[in-house]
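Here is the structure we will look at, set down as structure tokens.
The values are calculated or read from the model by the stated rules, or taken from the named source; none is laboratory data. None of these values were measured; they are calculated from a predicted model. In this analysis, Cβ positions are derived from the backbone assuming ideal geometry, glycine residues included, and neighbour counts consider all displayed protein chains. Calculation scope for accessible area: heavy atoms of the full protein, side chains included, ligands and nucleic acids excluded. Shrake-Rupley method; radii C 1.70, N 1.55, O 1.52, S 1.80 Å.
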Amino acid sequence: MTVRSLLASAAAIGLVALAAPVLAQTAPTDPLTATGKWSLPERAQARTPPMGWNSWNAFRTEVDEAKVVGAAKVLVDSGLSRLGYTYVNIDDGWWLKRRQSDGRLEIRTAIFPSARIKGARIKGKDTSFRPYTDALHRMGLKAGIYTDIGRNACSQAYDLHSPNLPEGTTAEREVGLAGHVDQDIGLYFKEWGFDYIKVDACGINVYGPDAAIVREHGYRPMPPLIDQVSINRTDIGAVRALYAEVAQALKANNPDGDYILAICNWGSANVRAWGKDVGHLWRTSGDITPSWTRMLHNFDSASTRALYAKPGAWNDPDILFIGHGDFDQNHLTEAQSHFALWAMINAPLLISYDLRQAPKSLMDIWGNADIVRLNQDPGGHQGVIAYASDDVQIIVKTLSNGRKAVALFNRGLDRTEVTLTAAQLKFTDDAPIQLRNLWDKSSPAPFTGETKFTLAPRQTLIFEASGKHQIDDGVYLSEIPGDVNVAVDGVITPEPDPVIHRMRNAWGETRGSGERPSYAGWGGAQADATPYDQALRIGGQGFDSGIGVLSNSRLEIRNAGHGRFEAKVGVDDSTRNTKDKAVFYVYGDGKLLAQSPALGLGDRPSPLSADIKGVRLVEIVARSQTSTSDQPLVVTWGEAALRR
Ligand code: GLA
């Protein structure tokens, strides 16, 4: 049931007009009801973004054991594994077929020779990745595998020239999870000992009854659940349910909880909103290519989603493409930018290059311990965009040592001057700020108030910064997105997000009508911006810090030791719904602690403060008091902070 339909039924039985605390207690299925519980599963794995290596961008389906084990050896010998690069992930291309007698998957032993089992149950037929995963584990590494949520994988539609496509009858070539979830997950994790699985989605996307690929290659048609260009033609609930089934099977087959689920449905089906509830990471966009503007696209698909990432749950803008095309060893500025940006937004750091012949210049990028450390900071706070334009961005990330990391990012082809201000770092402008350059390790002279840099085309400067915090007895919520869970975002109808760079893509060139926004998530909660990417503003007063969200939303906030919640709340000046009013509530461990009067557009920001001493979970709820418009009501938790 959507929030809107719940509220409509509440209105029908006369609840909406009642005093709010009563409302909050009367409807147990109301998603806005405070639960006192962090509603995400507590995950033992991926407490920081996964790191390692993946075969796809380096080898596509021409993957083989020598290449993968070669990469694994370099990870260990070079010291990269000690920095955290431990997952070695085989992508598409490893299958031979699904055996029809019992549905067991067979490995293509021509490319994975160690998978041949002597004395197999069915002679010469049983194959196993166990020798391979044992070898990785002995090296102190972890092993990742790849599958598809449907019957067939992406390579079976897109890599038709490949020598490594599954073989045999239609049924034998059905190597995806559909109809085999428990069997396959058991095989991968219990029998073969994998630790990580990437679950792609071509099987529920491109094998429809009308698809040429189905007719011409004898696949069994599967009506698509995903339409990548139309959220209205995508069955969001069905897609989510399929991935949830995999999550359940993984839990059942991993009593020690040692597994990672990487959802790979390319930002479709509104996964940017629910991925955190189901998997450890979820792709926020289509595939990255080794092109600067495609990198921008993938970066943008994740960079505005800070509030959706946290320990155990990460936005995934895709594998790194460092070493190839615009990011090769002749384009180190671009390669460094790609790496710094992924690090700042807590993206997984998965190298995808033939490491057996990696030049030192590239090894130095992946091996920049300072930059890896900020990606792996235990706080898990994704960087937040402090300054945005299409030319330059400034991204600031809170570190658990009390400092900030800041990236100054020149997206364009002109040299450009960038002014960094104390306010962007949420530092006071009357105390010196010290920066340390994480590329060349230099420390410019301390500055007060603001400082200037000149950036080369496509350059990203990245610093660790220390200074005096604007609030010295606490923290703004927008500084700690890793401690905030958007339990209900108030989005009424999923809409494509238009604030993503639309590159001319490599496959379509300029045929057709162009790249249109396609990933739902527009209207999701934002740190330091409204859900529609405006500056936060209530009754004419602007806020540099705060949470922007739609009404009929509930956010959960972990509290470790703070005594007060404070905010200035109201309807944001940017709202298109100009009629309705909202009431703002603060709960502590499920109990109502404070609430605002009903506030509408134009009302002054209303101070809201609550005693949260001893409270472990704070919930902040904005609830529309009336509902006279189909437009969502945009609300702002200005300067929302946890204080001593
Ligand atoms: C999809 C995924 C890629 C890769 C390929 C394999 O395109 O998004 O990351 O796994 O399939 O075929």
Tell me which residues, restricted to segment 243-255, are touching a residue at least 24 places away in the same chain (Cβ under 8 Å) and either away from the ligand (no atom under 16 Å from the Cβ) or open to solvent by 10 Å² or more (accessible area, probe 1.4 Å) (or both).
ALA244, GLU245, ALA247, ALA249, LEU250, ALA252, ASN253, ASN254
Can you report the number of residues in segment 136-179 which are charged (D, E, K, R), within 27 Å of the chain's Cα centre (by Cα), away from the ligand (no atom under 12 Å from the Cβ) and within 18 Å of ILE90 (Cβ to Cβ)?
1
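Picking from GLY379, GLY402, which residue would you name as being open to solvent by less than 40 Å² (accessible area, probe 1.4 Å), under 20 Å from ALA302 (Cβ atoms), in contact with a strand residue (DSSP E or B) (Cβ under 8 Å, 6 or more places away or on another chain) and not in a strand (DSSP E or B)?
On the way: GLY402 fails: under 20 Å from ALA302 (Cβ atoms).
Every option except GLY379 fails the conditions.
Criterion first (within 13 Å of the ligand (Cβ to nearest atom) and open to solvent by 10 Å² or more (accessible area, probe 1.4 Å)) does VAL199 satisfy it?
Numbers: within 13 Å of the ligand (Cβ to nearest atom): yes; open to solvent by 10 Å² or more (accessible area, probe 1.4 Å): no.
Taking the combined requirement at face value, the residue does not satisfy it.
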I need the full set of residues from segment 48-98 which are within 26 Å of the chain's Cα centre (by Cα) and among the polar types (S, T, N, Q), in order please.
THR48, ASN54, SER55, ASN57, THR61, SER81, THR86, ASN89
Taking interchain pairs and intrachain pairs at least six residues apart, which have beta carbon atoms under 6 angstrom, with the first residue in segment 93-110 and within 16 Å of the ligand (Cβ to nearest atom) and the second part of a loop (DSSP other than H, G, I, E, B) and of a type in the set (Ser, Thr, Tyr)?
GLY93/THR61
Residue list for segment 503-537, restricted to those being in a strand (DSSP E or B) and open to solvent by 80 Å² or more (accessible area, probe 1.4 Å):
ARG537
List the pairs whose first member sits in segment 129-154 and is farther than 21 Å from LEU165 by Cβ and open to solvent by 10 Å² or more (accessible area, probe 1.4 Å), whose second member is assigned to a loop (DSSP other than H, G, I, E, B) and more than 11 Å from the ligand (Cβ to nearest atom), and whose Cβ atoms are under 8 Å apart, counting only residues at least 6 apart or on separate chains?
ARG130/TRP192; ARG130/GLY193; ASP134/GLY193; HIS137/GLY193; GLY140/THR86; LYS142/THR86; LYS142/ASP195
Looking at ILE345 and the list (1) within 14 Å of the ligand (Cβ to nearest atom); (2) free of Cβ contacts under 8 Å to residues at least 60 places away in the same chain; (3) among the β-branched types (Val, Ile, Thr), which single condition is not satisfied?
(1)
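Within segment 282-292, is there a residue that is within 15 Å of the ligand (Cβ to nearest atom) and part of a strand (DSSP E or B)? Full working, then the answer.
Kept after step one, since they are within 15 Å of the ligand (Cβ to nearest atom), are these residues of segment 282-292: 282-290.
The next check asks that each one be part of a strand (DSSP E or B); those that pass are 282-283.
Checked segment 282-292: at least one residue is within 15 Å of the ligand (Cβ to nearest atom) and part of a strand (DSSP E or B).
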Any pair with Cβ under 8 angstrom, 6 or more apart, that starts in segment 439-451 at a residue that is assigned by TED's automatic domain parsing to the domain that holds ASN368 and ends at one that is small (Gly, Ala, Ser):
none
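Quick one: is ARG240 part of a helix (DSSP H, G or I), more than 26 Å from MET503 (Cβ to Cβ) and touching a residue at least 12 places away in the same chain (Cβ under 8 Å)? Spell out how you get there, then give the answer.
Details: part of a helix (DSSP H, G or I): yes; more than 26 Å from MET503 (Cβ to Cβ): yes; touching a residue at least 12 places away in the same chain (Cβ under 8 Å): yes.
It is true that ARG240 is part of a helix (DSSP H, G or I), more than 26 Å from MET503 (Cβ to Cβ) and touching a residue at least 12 places away in the same chain (Cβ under 8 Å).
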